[in-house]
1. Here is a check on your reading of the model: is MET107 in a strand (DSSP E or B) and out of contact with any Ser or Thr (no Cβ under 7 Å at 6 or more places or on another chain)?
2. Might you check whether a residue that is at positive phi and modelled with pLDDT under 90 occurs anywhere in the stretch 4-12?
3. Kindly indicate whether any position in the stretch 113-130 is more than 16 Å from HIS63 (Cβ to Cβ) and in a helix (DSSP H, G or I).
4. Go through (1) more than 22 Å from ARG67 (Cα to Cα); (2) in contact with a Lys or Arg (Cβ under 8 Å, 6 or more places away or on another chain); (3) at pLDDT 95 or above and name the single condition THR121 misses.
5. So GLU136 clears everything in (1) part of a strand (DSSP E or B); (2) closer than 24 Å to ARG54 by Cβ except one condition, right? Which one?
6. Can you give me the number of residues within the stretch 63-97 that are under 15 Å from the mean Cα position of the chain (by Cα), polar (S, T, N, Q) and assigned to a loop (DSSP other than H, G, I, E, B)?
7. Quick check on TRP100: is it within 16 Å of the ligand (Cβ to nearest atom), in a loop (DSSP other than H, G, I, E, B), among the aromatic types (Phe, Trp, Tyr) and free of Cβ contacts under 8 Å to residues at least 60 places away in the same chain?
Amino acid sequence: MSIGTPLGAEPVVALHEPVERAVRPKAVRQTPSEARAAYNLVTRRDEETCVRCRRGGAVQRDHRQNRLPGNTVPSNLQLLCPPCHLWKTENPEQALQEGWAVPRHTMFTPAEWPARRWVKTLHGTYREAWVLYFDEPEHGRMWLEIPDIDAHYRRRQAGIL
Ligand SMILES: [Zn+2]
């Protein structure tokens, strides 16, 4: 506080600040370190393998919904191998239907939009499943598996199926 600031002025500012913050719409801003943290989380989540074909090696980080300011979050990211990434780019309709992409204009956020991926079974084998991705680990998990009917319903609602 600079010398000469009326003592009474400060609490008023402090009282008003949180109210203003609550009313103002949340700005979509993301620092480079937040984006980096999201990429790191997804690299671990997907075990450095393609979510579509489980190929390892030179995987690429893909935005499920085309990259927009603020959408570099775990629920919107997945690892794809170069052939699957190319396939997704060349088959946008099919990629949407099969869960590899999130529609650009929809009421669903990437976290609410069903994603297709492999999951590990108790026997250590893999199977394909529909999931909803989390942005933050919940009880050590990064996704919730959902029934086919739920994934179907959400895609139907968005007019994708
Ligand atoms: Zn692949």
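The values are calculated or read from the model by the stated rules, or taken from the named source; none is laboratory data. Here the structure is a predicted model, which means the values were calculated and not measured. Cβ coordinates were reconstructed from backbone atoms using ideal geometry, including for glycine residues, and neighbour counts include every protein chain displayed.
1. No: the conditions fail for MET107.
2. Scanning the stretch 4-12, I find at least one residue that is at positive phi and modelled with pLDDT under 90, so the answer is yes.
3. no
4. It fails just one condition, (3).
5. (2)
6. Result for the stretch 63-97: 4.
7. yes
Yes/no matrix, rows are residues, columns are (1) within 16 Å of the ligand (Cβ to nearest atom); (2) free of Cβ contacts under 8 Å to residues at least 24 places away in the same chain:
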position	(1), (2)
ARG67	no, yes
LEU79	yes, no
LYS88	yes, no
MET107	no, no
ALA111	no, no
